[in-house]
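The values are calculated or read from the model by the stated rules, or taken from the named source; none is laboratory data. Keep in mind that what you see is a predicted model, and the values were worked out from it rather than measured. Cβ coordinates were reconstructed from backbone atoms using ideal geometry, including for glycine residues, and neighbour counts include every protein chain displayed.
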Amino acid sequence: MTEKIDIVTSVKTAFEYGPFYFALLLLLTVSTLAGRTYRNVCKRPESTPAERETHRKYFVASYALGLVLVGVSVVWWVAFRPKLYSYSVVIRNLHDYESVASERTVYFQPEATNLIDEEGAQTRNERVLAIQDRPFKSGQRIRLDYAKDRRPRCTY
């Protein structure tokens with residue numbers, strides 16, 4: 001079974017793995033094609049020694065460059081990779097008339113529950129995910145705005 005790799009998947013993977021992706025791409029494509037071409041040239045009886053030497057050098061150079069890029073990408077991965085830290089909480093049993101909001105680095109995902117309140121309305125949980133580029137400190141506050149019945153929001 002062969003699967004097609006679309007450009008969106010490839011770009012997402014490249015963004016996630018950075019230089020390591022391009023090093024492997026080079027090793028898996030250019031070096032593989034160079035090796036295949038070198039073998040084909042060596043199998044041909046009419047190929048000259050200079051032609052075989054040129055293809056061998058191209059194959060060795062592409063493979064060596066791929067290995068150097070893998071080394072560079074490992075250094076990048078360890079030292080310079082963008083780091084994201086997350087903190088996740090769940091706000092339980094919110095009603096339809098209650099809403100929460102926050103700044104751009106806080107994300108919400110509503111989750112319907114099977115619970116029905118005293119008035120017969122279904123409640124929901126809100127999964128909250130806060131993201132920042134440095135570790136969260138003990139006692140650090142995350143700004144959440146809470147509103148009930150379309151009244152002005154309260155900040156917590």
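Quick check on the stretch 116-130: of everything there that is β-branched (Val, Ile, Thr) and surrounded by 14 or more Cβ atoms within 10 Å (Cβ to Cβ), which residue is modelled with the highest pLDDT? Break it down stepwise before answering.
Quick first cut of the stretch 116-130, residues β-branched (Val, Ile, Thr) only: 116, 123, 128.
Going one step further and asking which of them are surrounded by 14 or more Cβ atoms within 10 Å (Cβ to Cβ), we end up with 123, 128.
Numbers: Thr123: 82, Val128: 89.
Only one residue fits best here, namely Val128.
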Residues in the stretch 132-154 that are surrounded by 14 or more Cβ atoms within 10 Å (Cβ to Cβ) and either in a strand (DSSP E or B) or over 35 Å from the mean Cα position of the chain (by Cα) (or both) total 5
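Regarding the stretch 72-84, can at least one residue be identified that is of a type in the set (Ser, Thr, Tyr), modelled with pLDDT under 85 and touching a strand residue (DSSP E or B) at 6+ places or on another chain (Cβ under 7 Å)? Give the steps one after another, and end with the answer.
From the stretch 72-84, those of a type in the set (Ser, Thr, Tyr) are 73; that's our starting set.
Narrowing the set further to residues that are modelled with pLDDT under 85 leaves 73.
From what's left, touching a strand residue (DSSP E or B) at 6+ places or on another chain (Cβ under 7 Å): none.
Scanning the stretch 72-84, I find no residue that is of a type in the set (Ser, Thr, Tyr), modelled with pLDDT under 85 and touching a strand residue (DSSP E or B) at 6+ places or on another chain (Cβ under 7 Å), so the answer is no.
Within the stretch 19-115, considering only helices (runs of 4 or more DSSP H) that don't extend past its boundaries, which have at least 1 residues that are exposed (fewer than 14 other Cβ atoms within 10 Å of the Cβ) and in contact (Cβ under 8 Å) with a residue 12 or more places away in the chain? Full working, then the answer.
On the way: elements: 19-26, 32-43, 49-79.
Correct list: 32-43, 49-79.
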Residue list for the stretch 59-77, filter: of a type in the set (A, V, I, L, M) and over 20 Å from Val41 (Cα atoms): Ala64, Leu65, Leu67, Val68, Leu69, Val70, Val72, Val74, Val75
